[in-house]
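Reading through the structure tokens given below for one structure.
The values are calculated or read from the model by the stated rules, or taken from the named source; none is laboratory data. Given the structure is predicted, the values throughout are model-derived calculations rather than measurements. Positions of Cβ are backbone-derived with ideal geometry, glycine not excepted, and every protein chain shown enters the neighbour counts.
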Amino acid sequence: MVNNCGYRDIKTLKCFTDYIKNISVSVIGIGISNIPLFDFLRKCGVKKITGRDKNDIFAGGNIPELDEIGKSVEINYILGENYLDNLDEDIIFKSPGIRRDLPPFVNALNNGSIITSEIELFFMLCPAKTIAVTGSEGKTTTTTIIGEILKADGKTVYVGGNIGSPLLNQIENIKKEDYAVLELSSFQLFDLDNDNFSPNYAVITNITPNHLDWHKNMDEYAEAKKIIFKNQKETDRIILSFDNGKTKKLKSKVKSTPYLFSNNILQNNKTIKNGIYFDGKSVFLRKNFIETKIMDKSDIFIRGAHNILNFMAAIGVTHDIVNHETIVNVARTFKGVEHRIEFVREFYGVSYYNSTIDSSPTRTVAALNYFDEDKKIIVILGGYDKKISFKPLAPAVYKKAKAAVLYGETKEKIKKSLDLYKKNNPDCEDLIVESAVDFDSAVMIAKSFANPGDIVLLSPACASFGFFKNFAERGNRFKEIINSL
């Protein structure tokens, strides 16, 4: 077996290439996102890879990308329920969605194997300044905004992590003066709990209940988020929400320079040295207690209080990298990210919006609050059960929606939450609640409830697993149905 310490001392691509050539390698989880890892390992001179996956990845036919890679690398597949049997390769690249504390991983680690991931290797090899963004909500939009601001200033920027294409295959092109902006999920951070991970800039947008089907409890989920700043130095920077109870408390635990952002609380708290706040009309930067107006609310093209927060988090990272005019110009032109309150079309006076990214109740609440009070919404809810309470969802649904169409394994749980809220608040407005047999039926039922001037909103408050491969596939199916009307 190889020496554990040696692997994590690697800092350059050449060192990794020399290290990896003559040892056994396994890639666990052969989804689309990991196929580039096979190609990267091939380019580094690896001659044999064991590919492991719980699913029969070839059930729907061959995967052309793997066929091509297999021409120059011997790939042995171990598929099905026993995919972790005899796990003893020297280097094991694990997909983030598989817990590292499963017995086969613990045994492999005890026997000298190295458990790593594509994202860990990227941080080991990346020479650029790194910006890591996490949070229960808003991390994708915040990551994208930061990337757009840096690009608008002429910087060479690589955006990836939990969004877009894996950046490891581009490592040869990345230079010291560049910027790498990465969205990181709690799963990815869970695997980055070692001394190698120390981003120059870190952002935690918020911490609210999420992924409790995977994490043992809320404490473990929150601890995973904290890994983002665990190894930061005093010269690094952490941007934290001052409005979120869990992130606000983290200020006292960080070693790096904290910047807090807030919708209104920070404005009147003059004890905070550095931060960004919104006073209801404008966004201000406070740096060393000196305040500067950055932009007005009207400068932000994408609506919603949550998007003001996203821009404030991005300002926390970029305010001294680019000039403030660049930030304002991006705010005026940035139209948002696909699948996030994305306007699909208007059909017979009804507006259809795709917000499939909303995989938790709090995200759906934010999506509902995006729209004006005088609009009546038909919201499509349901999907995979992440073991999160739907109690916070009910007040917003009753306040903003005229109908809720439910589907998937969570539909009964959501209905119970809605019924309980109505029972405890009998004077609230009536709400039509209808269950559908599947996703397509839910979309068509929502359409049937809509009148001219109404909004049909896909904001599921649940994950897509078990019904779709991912949230994007769910959103694309919604758009396909609506565009075919």
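Suppose we filter the stretch 235-265 for residues that are among the aliphatic types (A, V, I, L, M) and either buried (at least 22 other Cβ atoms within 10 Å of the Cβ) or touching a helix residue (DSSP H, G or I) at 6+ places or on another chain (Cβ under 6 Å) (or both); how many remain? Talk me through it step by step, then tell me what you get.
Step one: list which residues in the stretch 235-265 are among the aliphatic types (A, V, I, L, M), which gives 238-240, 250, 254, 260, 265.
Add one more test, that the residue is either buried (at least 22 other Cβ atoms within 10 Å of the Cβ) or touching a helix residue (DSSP H, G or I) at 6+ places or on another chain (Cβ under 6 Å) (or both), and what stays is 238-240, 260.
Total meeting the criteria: 4.
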Next item on the list: For the stretch 392-400, indicate whether the set of residues that are farther than 21 Å from Ser136 by Cα, of a type in the set (Lys, Arg) and not in a strand (DSSP E or B) is non-empty.
Entry: yes
Item checked: Residue list for the stretch 327-356, filter: of a type in the set (Val, Ile, Thr), out of contact with any Leu (no Cβ under 8 Å at 6 or more places or on another chain) and farther than 16 Å from Asn310 by Cα -> Val344, Val350
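Filtering the stretch 302-352 down to residues that are assigned to a helix (DSSP H, G or I) and of a type in the set (Gly, Ala, Ser), which residue is surrounded by the most Cβ atoms within 10 Å (Cβ to Cβ)?
If we filter the stretch 302-352 for residues that are assigned to a helix (DSSP H, G or I), which is where we start, we get 305-318, 324-333.
Remaining after also requiring of a type in the set (Gly, Ala, Ser): 305, 313-314, 316, 331.
Numbers: Ala305: 13, Ala313: 29, Ala314: 31, Gly316: 24, Ala331: 26.
Selected residue: Ala314.
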Check: Which residue, of Arg303, Arg363, is in the same structural domain as Ala132 (by TED's automatic domain parsing), at pLDDT below 95 and of a type in the set (D, E, K, R)?
Finding: Arg303
Next item on the list: Identify the residue in the stretch 125-143 that is crowded, with 22+ Cβ neighbours inside 10 Å and out of contact with any strand residue (DSSP E or B) (no Cβ under 7 Å at 6 or more places or on another chain) and, among all such residues, is farthest from Cys462 (Cα to Cα).
Entry: Thr141
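So which strands (runs of 3 or more DSSP E) stay within the stretch 190-268 end to end and still have 1 or more residues that are among the basic types (Lys, Arg)?
On the way: elements: 201-204, 237-241, 257-262.
Ranges flagged: 237-241.
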Checklist line | Long-range neighbours under 6 Å by Cβ, at least six apart or interchain, first residue touching a residue at least 24 places away in the same chain (Cβ under 8 Å) within the stretch 55-83, second in a loop (DSSP other than H, G, I, E, B) and loosely packed, with under 13 Cβ neighbours inside 10 Å | finding: Leu79/Asp56
Next item on the list: Hey, could you check the stretch 281-301 for residues that are in contact with a helix residue (DSSP H, G or I) (Cβ under 8 Å, 6 or more places away or on another chain) and in a loop (DSSP other than H, G, I, E, B) and say which is surrounded by the most Cβ atoms within 10 Å (Cβ to Cβ)?
Entry: Ile300
Check: Hey, does the stretch 239-248 have a residue that's more than 20 Å from the chain's Cα centre (by Cα), aliphatic (A, V, I, L, M) and over 22 Å from Glu118 (Cα atoms)?
Finding: no
Next item on the list: Could you list all residues from the stretch 361-384 that are touching a Lys or Arg at 6+ places or on another chain (Cβ under 7 Å) and in a loop (DSSP other than H, G, I, E, B)?
Entry: Phe371, Lys376
